[in-house]
1. Restricting things to alpha carbons, find the Rg to Rh ratio for segment 40-143 using the Kirkwood radius for Rh.
2. Find the relative contact order for the chain and round it to a whole percent, using C-alpha pairs within less than 8 Å whose residues are 6+ positions apart.
3. Residues of segment 203-218 with the amide nitrogen closer than 19 Å to a label point 7 Å from the Cα of residue 41, along Cα-to-Cβ, please.
4. Ignoring ligands, DNA and RNA, how do 58, 114 rank by accessible area with a 1.4 Å probe, largest first?
5. So for segment 83-136, Kirkwood radius off the Cα pairs, Stokes-Einstein at 37 °C and 0.692 mPa s: how many µm² s⁻¹?
6. Just how many pairs of Lys in the chain have C-alpha atoms closer than 20 Å, counting pairs that are eight or more places apart or on different chains?
7. If R₀ is 35 angstrom, what is the calculated FRET efficiency for the pair residue 6 and residue 86, using the beta carbon separation as r and rounding to 0.05?
8. When DSSP beta bridges are limited to those with both residues in the chain, what percentage is antiparallel, rounded to the nearest 5?
Amino acid sequence: MQYLENRLKKHIDLLIFRYPVLECIKQDITDAYLLMEKCYENGGKLLIAGNGGSAADSEHIMGELMKRFRLPRPVSDEYAKRLREVDGERGDILAKTLECPLTAISLVAHEALSTAFSNDVGGNGGFAQQMLGFGKEGDVFLGISTSGNSKNIMDATVVARASGIKVVGLTGQGGGELSKVSDVAVRVPETETYRIQELHLPIYHCWCLMLEERFYGR
């Protein structure tokens, strides 16, 4: 437990030093991280969704997790050998350049599916449909909503909860409906959309740093 506290403390303390306003939600930031860490320890993945600027954040988070953020993430020697056995030239290049992921899926990235659902079915269930298709028990859904009341995010939480998927809500001060159904709600102490989003970024960067260190640190 002391090791865990020390491992996280340096990142959380730096986050709070740079953004003192987040001191009041320090424990929520930590608890949300621990849900994600446990998910990855058990072979799960992170599903992420938001609207507008929060959709861009969803893509940003996925990009940080699916390849290196700060630390090298080389494939294992065993996997490198298998790549070379399949194709000596291409496999050798891939063995040297591929990076191990922390599997994450941004639900905003599938335009053909989301537009088909909107056109053929209608309503706010596009993220929920993807949750049903991609999610499995033990995964974590990171729902990003500055108001906490985004209808498509809320629909996705219903499917997540029915599927045994933990929910982390990243919201503004009010929290909205999302904070009420989340296993952990991280409500940044701002009420205006752009200011909320400005605080979301350093929080999820901190999560990405801690996850990468946990699974790929030396």
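1. Working: Rg = 17.0 Å, Rh = 15.7 Å.
That ratio equals 1.08.
2. Numbers: 359 pairs, mean separation 52.0, N = 218.
With pairs under 8 Å counted, the relative contact order is 24 percent.
3. Zone members listed by number: 207-218.
4. Working: 58 0, 114 45 Å².
The ordering from most to least exposed comes out as 114, 58.
5. Numbers: Rh = 13.9 Å.
Once the numbers are plugged in, D ends up at 235 µm²/s.
6. Lysine pairs satisfying the spacing and distance rule in the chain number 19.
7. On the way: r = 42 Å, r/R0 = 1.20.
The formula returns an efficiency of 0.25 here.
8. Working: 1 of 17 bridges.
Looking only at bridges with both residues in the chain, the antiparallel portion is about 5 percent.
The values are calculated or read from the model by the stated rules, or taken from the named source; none is laboratory data. Computed from a predicted model, the values in this text were never measured in an experiment. All Cβ positions, glycine included, derive from the backbone under ideal geometry; neighbour counts span all protein chains shown. Surface areas here come from the heavy atoms of the whole protein model, side chains and all, with no ligands, DNA or RNA. Shrake-Rupley method; radii C 1.70, N 1.55, O 1.52, S 1.80 Å.
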